[in-house]
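Student: Dropping the structure in here first, questions after.
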Amino acid sequence: MMNKKVASLALLMGICGHVSAQTCLSSGIETTPESDFSVVSDSTYLHDTTDLVWKRCAEGQTWDGTTCDGEAVKYTWQEALQLAHEASNEDLLGWRLPNVKELASIAERQCVRPAVNSTLFPETPPDDFWTSTPSSDDPDRAWVVAFFNASHSIKEKDRYIYVRLVRTYTDD
C-alpha cells in the first residue's frame with residue numbers, strides 16, 4: 001500500500017515537473033524591460049539599445065495577433081544558417097542568425113523557464129537557441145544561449161536546437 005502511494009506521488013511530481021511556469025525575481029531590476037523595445041510590426045520588436053529587430057516568435061511558430069502559435073522547430077546549426085539565408089532572400093530585410101552577444105542581449109536574467117520577457121517574446125521554449133558564433137576551439141561546435149536560465153555554452157553543430165532570427169534596423 002505504501003509503495004503505491006509513493007509511486008503515485010512520484011508520478012504526480014514528475015507530471016507537475018513538466019508543467020513549470022516562468023519564475024521571475026520580484027525584487028530584481030529587469031534586464032529587458034518593455035520600455036527598451038519598440039513595435040516595428042505585429043510580429044517584430046526593435047530593441048532600442050542595440051538597434052536590432054527581433055522576431056517575437058521562434059522559428060516554426062507564427063504570431064497570431066496575441067501570442068506565438070504552433071510548435072517551435074529545432075534545426076541543426078547548418079540548417080539554421082540556411083533558414084536565415086532563405087528568410088532574408090524571401091523578404092529582402094536581412095534576417096540572420098544572431099551572434100552570441102546579440103542573442104544574450106534579449107535574455108531576461110531575472111527570470112527562468114524561460115529566461116525571457118514573456119510579454120515581448122511569448123511561448124519561448126525554455127531551451128537552447130542557436131547563435132551564428134562558431135566555437136574558436138572546435139570547428140564542429142557553435143555557441144547557444146539557453147533560455148532556461150540565460151546561460152550560454154558551446155554545442156555540437158549537428159544537434160537540433162531552436163532558432164530566433166534577427167536583423168539590423170533600417171528606417172525604410
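Only the coordinates and a few stated rules stand behind these numbers; no lab work does. This one's a predicted model, so the numbers in the text were calculated from it and none came from an experiment. Cβ sites come from the backbone with ideal geometry, for glycine too, and all protein chains shown count toward neighbours.
Student: Quick one: what are the phi-derived ³J(HN,Hα) couplings along the range 70-75, Karplus 6.51/-1.76/1.60 with θ = phi - 60°, whole Hz, x for glycine and proline?
Tutor: Coupling constants for the range 70-75: x, 9, 5, 10, 9, 9 Hz.
Student: Calculate the dipole size of the chain relative to its Cα centre from +1 charges on Lys and Arg beta carbons and -1 charges on Asp and Glu beta carbons; express the result in debye to the nearest 20. Write down the numbers at each step before the final one.
Tutor: Numbers: 15 positive and 26 negative charges, 198 e Å.
In debye, rounded to 20, the chain gives about 940.
Student: Starting at the first residue of the range 122-133, write each ³J(HN,Hα) from the Karplus equation 6.51 cos²θ - 1.76 cosθ + 1.60 with θ = phi - 60°, in whole Hz, x for Gly and Pro.
Tutor: Here the 3J(HN,Hα) series is x, 6, 5, x, x, 8, 6, 10, 5, 10, 7, 7 Hz.
Student: How much net charge surrounds Asn117 when only the other residues with a Cβ under 12 Å from the Cβ of Asn117 are counted, with Lys and Arg +1 and Asp and Glu -1?
Tutor: -2
Student: In addition: What is the packing order of peptides 118-125, 25-32, taking the mean over residues of other C-beta atoms within 10 Å and listing the highest first?
Tutor: So the order, starting with the most tightly packed, is 118-125, 25-32.
Student: If you don't mind, there's one more thing I want to ask. If each of Thr168 and Gln78 carries a label point 7 Å out from its Cα toward its Cβ, how far apart are those two points in nm?
Tutor: About 2.8 nm separates the two model spin labels.
Student: May I ask you to sort Lys74, Lys101 by Cβ crowding, counting other Cβ atoms within 10 Å and putting the fewest first? Write out the running numbers ahead of the final one.
Tutor: Numbers: Lys74 20, Lys101 13.
Going from sparsest to densest Cβ surroundings: Lys101, Lys74.
Student: Grab the Cα-Cα distance for Lys101 and Ser43, subtract it from 0.36 nm times how many residues apart they are, and report the gain in nm with one decimal.
Tutor: Working: separation 58, 0.36 × 58 = 20.88 nm, distance 2.21 nm.
Going from the current span to full extension adds 18.7 nm.
Student: Right, another one. Work out the count of Lys pairs in the chain where the Cα-Cα distance is under 29 Å, with the pair 8 or more places apart or on different chains.
Tutor: Lysine pair count for the chain: 9.
Student: Let me ask another. Taking the simple approach of a point 7 Å from Cα along Cα-to-Cβ for both Leu93 and Ser153, what is their distance in nm?
Tutor: Using points 7 Å along Cα→Cβ, the separation is 3.3 nm.
Student: Can I ask one more? How would the range 39-92 be classified by its alpha-carbon gyration tensor: rounded, prolate or oblate, with rounded meaning a/c under 1.5 and the a/b versus b/c comparison settling the rest?
Tutor: On the way: a/c = 1.85, a/b = 1.21, b/c = 1.53.
Oblate.
Student: Moving on. Find the relative contact order for the range 36-168 and round it to a whole percent, using C-alpha pairs within less than 8 Å whose residues are 6+ positions apart. Don't jump to the answer; show the numbers that get you there.
Tutor: Numbers: 294 pairs, mean separation 37.0, N = 133.
In percent, rounded to a whole number, it is 28.
Student: What is the sum of charges, Lys and Arg at +1 and Asp and Glu at -1, for the other residues whose Cβ falls under 12 Å from the Cβ of Glu30? Numbers along the way, then the final one.
Tutor: Numbers: positive: Arg109; negative: Glu34, Asp36, Glu108.
Its environment carries a net charge of -2.
Student: What is the chain by shape, rounded, prolate or oblate, if you read a ≥ b ≥ c off the alpha carbon gyration tensor as root eigenvalues and call it rounded for a/c under 1.5, prolate for a/b larger than b/c, and oblate otherwise? Can you show the working numbers first?
Tutor: On the way: a/c = 1.92, a/b = 1.49, b/c = 1.29.
Because a/c hits 1.5 or more and a/b exceeds b/c, the chain counts as prolate.
Student: In degrees, nearest 10, range 0 to 90: what is the angle between the Cα axis of helix 2-18 and the longest Cα principal axis of the chain?
Tutor: 10 degrees
Student: Just name one of Ser43, Asn149, Gly65: the one whose Cα is farthest towards the positive end of the charge dipole of the range 36-168 (beta-carbon charges, Lys/Arg +1, Asp/Glu -1).
Tutor: Looking along the dipole axis, the top candidate is Asn149.
Student: Okay, next question. Using the Cβ atoms and a cut-off under 13 Å, what net charge is assigned to the surroundings of Ser43, where Lys and Arg are +1 and Asp and Glu are -1?
Tutor: Result for the neighbourhood of Ser43: -2.
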